[in-house]
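Shown next, in structure tokens, is the structure this report addresses.
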Amino acid sequence: MRTGELHKFSDGMLNDVRTALHDIASGIRMEYLPKRKWSGLDKRKARVMIQDIDNQLFQRRLMRNLEKFVGGRE
């Protein structure tokens, strides 16, 4: 997945991906992650993707709140 493709995914999917990437970047070993050693480059890429996902989720929350404020959504 590329950062330009984040708009295609739902909030739930982005949260799941963010959790998995956070576990990779932190070095946490979980059952759902592949059993391989992650390189420093992989961890840096994961941190960049986490920042982009956080930004995307923030923008979506902000837009939802603004739409509620002006009466766009129920």
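Read the figures in this text as sums done on the coordinates, not as results from a lab. Everything numeric in this text was worked out from a predicted model, so none of it was measured. A quick note on method: Cβ atoms are made from the backbone with ideal geometry, for glycine too, and the neighbour counts reach across all protein chains shown.
Taken about its Cα centre, the chain carries a charge dipole of roughly 300 debye when the Cβ of each Lys and Arg holds +1 and the Cβ of each Asp and Glu holds -1. So, R0 is 35 Å and r is the distance between the beta-carbons of Trp38 and Leu62; what FRET efficiency does that work out to, to 0.05? The pair Trp38/Leu62 has a calculated efficiency of 0.65. For the range 1-68, the list of trypsin sites (Lys or Arg not before Pro) that fall in a loop by DSSP and count at most 15 other C-beta atoms within 10 angstrom reads Arg2, Arg29, Lys35, Arg36, Lys37. For helix 11-26, what angle does its Cα long axis make with the longest principal axis of the chain, in degrees from 0 to 90 and rounded to 10? Once rounded, one gets 30 degrees.
Number of Lys pairs in the chain with C-alpha atoms less than 24 angstrom apart, excluding same-chain neighbours closer than eight positions? Lysine pairs, 8 or more places apart or on different chains, close enough: 6. Using the Cα centre of the chain as origin and beta-carbon charges of +1 (Lys, Arg) and -1 (Asp, Glu), tell me which of Leu6, Ala25, Asn55 is placed farthest towards the positive end of the dipole. After comparing all options, I get Ala25.
The candidate values are [x] 14.5; [y] 13.7; [z] 13.1; the one derived from this structure for Kirkwood radius over Cα pairs in Å carries the label [y].
The angle between the Cα long axis of helix 40-70 and the longest principal axis of the Cα atoms of the chain comes to about 10 degrees, rounded to the nearest 10.
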